[in-house]
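A short worksheet on the structure shown next.
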Amino acid sequence: MEIRYFENREELYAAASKHFEQAVANGARTFGLATGGTMEPLYENLRNSDVDFSAATSFNLDEYAGIPKQSEHSYYTYMHEQLFNAKPFAQSFVPVGDVDDLAAAAREYEALLQANERDIQLLGVGENGHIAFNEPGTAFDSETHVIALTPSTREANARFFSSLDEVPTHAVTMGIASILQAKEIVLIACGENKRPAMEALVDGTVTVDVPVSVLNNHPNVVIYTDLKLPVAVK
Ligand code: F6R
């Protein structure tokens with residue numbers, strides 16, 4: 001696990017954007033993508049860069065259940081506004097959230113993932129340590145599945161909706177096993193509200209109570225953070 005600490009967020013996001021530009025230049029063609037506030041400056045940099053994703057394929061981490069893709073709140077819309085409209089991929093997949101049989105759709109999404117190993121998986125982290133929408137307690141061998149969002153995740157995401165009541169109660173998410181299949185994982189964590197989760201990660205104790213801690217089991221993780229984290233003494 002390599003921690004790249006930046007005091008200055010502009011520099012952090014410039015470096016993270018370069019990471020992706022370089023990866024494409026070096027032949028990476030399959031990307032796992034994330035949404036959320038953390039990713040907006042990264043996508044802004046990529047939009048304004050020369051990067052060319054037209055030969056690449058992307059798979060998003062998650063989508064809210066019950067939200068049609070055309071909704072302003074869907075991650076489908078987010079990705080188009082933040083990245084795909086400006087930088088189209090050859091193919092982009094975002095889980096669907098508004099079908100009758102979500103579990104079947106999740107299985108289909110997982111089959112797609114199994115046929116397309118990700119070169120890089122981009123991740124943010126929830127205040128409670130979730131990665132994608134794998135909330136605390138999610139099994140490490142989980143594949144794409146439907147999950148109930150915790151009250152704290154719904155509260156954290158209420159800022160994107162007009163009220164807490166509007167925040168969906170469930171989501172479909174890549175599982176932890178699916179995420180760990182990527183050759184490289186790039187995690188971005190900015191802001192003091194992410195400190196408890198990040199300190200639990202660098203502490204090195206792997207526990208389902210803090211899903212991000214599972215990254216200790218992956219051989220190739222790069223973290224971009226503006227948090228000065230204690231280095232674990234083993
Ligand atoms: C988004 C996702 C989530 C977010 C996390 C942090 O696709 O999978 O795990 O990365 O909730 O969200 P922000 O960046 O809004 O703090």
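Throughout, read-outs are computed from the coordinates displayed, never taken from laboratory work. Computed from a predicted structure; not experimentally measured. Positions of Cβ are backbone-derived with ideal geometry, glycine not excepted, and every protein chain shown enters the neighbour counts.
Positive end of the dipole of segment 2-218, charges at C-beta (+1 Lys, Arg; -1 Asp, Glu), about the Cα centre: which of VAL125, PRO41, SER54 has its Cα farthest in that direction? After comparing all options, I get SER54. Specify the inter-centroid distance of segment 57-95 and segment 108-175, based on alpha-carbon positions, in whole Å. About 14 Å separates the Cα centre of segment 57-95 from the one of segment 108-175.
Length available on full extension from THR150 to LEU229: 0.36 nm per residue minus the Cα-Cα distance, which gives 25.8 nm.
With a cut-off of 11 Å between beta carbons, the residues surrounding ALA56 carry a summed charge of +1, where Lys and Arg count +1 and Asp and Glu -1. The mean sequence distance of close C-alpha pairs (under 8 Å, at least 6 residues apart), as a share of the length of segment 134-234, puts its relative contact order at 30 percent.
As a rough guide to protection, the peptides 69-76, 120-127, 179-186 ranked by mean Cβ packing within 10 Å, highest first, stand as 120-127, 179-186, 69-76. Neighbours of ALA15 by Cβ distance under 11 Å: Lys/Arg scored +1, Asp/Glu scored -1, total 0. Hand me the GluC sites (Glu not before Pro) from segment 7-36 located in a DSSP loop with no more than 14 other Cβ atoms within 10 Å, in residue order please. Passing both the DSSP loop test and the Cβ count: GLU7.
Computed packing ranks the peptides 13-20, 151-158 as 13-20, 151-158, most packed first, by mean other Cβ atoms within 10 Å.
Local charge for SER213 was computed over the other residues whose Cβ lies under 12 Å away, with Lys and Arg +1 and Asp and Glu -1, and equals -3. For LYS194, a cut-off of 25 angstrom between C-alpha atoms picks up these lysines, skipping any fewer than 8 places away in its own chain: LYS18, LYS183, LYS228, LYS234. Between GLU192 and ASN85, full extension at 0.36 nm per residue minus the direct alpha carbon distance yields a gain of 35.3 nm. Under 5 Å between amide hydrogens, built in the peptide plane, is the criterion, and for PHE59 it picks out PHE31, GLY32, LEU33, PHE93 among residues at least 5 positions away or on other chains. In terms of its alpha-carbon gyration tensor, segment 66-151 comes out rounded; the largest-to-smallest axis ratio a/c stays below the 1.5 threshold. The 3J(HN,Hα) values that the Karplus relation (6.51, -1.76, 1.60; θ = phi - 60°) gives for segment 143-150 are, in residue order, 9, 4, 7, 8, 9, 7, 6, 6 Hz. Gly and Pro appear as x. Segment 1-55 and segment 179-234 have Cα centres lying 18 Å from one another. Starting from the Cα gyration tensor of segment 2-218, take the square roots of the eigenvalues, sort them a ≥ b ≥ c, and report rounded, prolate or oblate (rounded when a/c is under 1.5, otherwise prolate if a/b is larger than b/c, else oblate). Verdict is rounded for segment 2-218.
Determine the calculated [θ] at 222 nm for the chain from helices alone, applying -39500 (n - 2.57) to every DSSP H run no shorter than 4 residues and normalising by the residue count; nearest 500 deg cm²/dmol.
After summing the helix terms and dividing by residue count, I get -8000 deg cm²/dmol.
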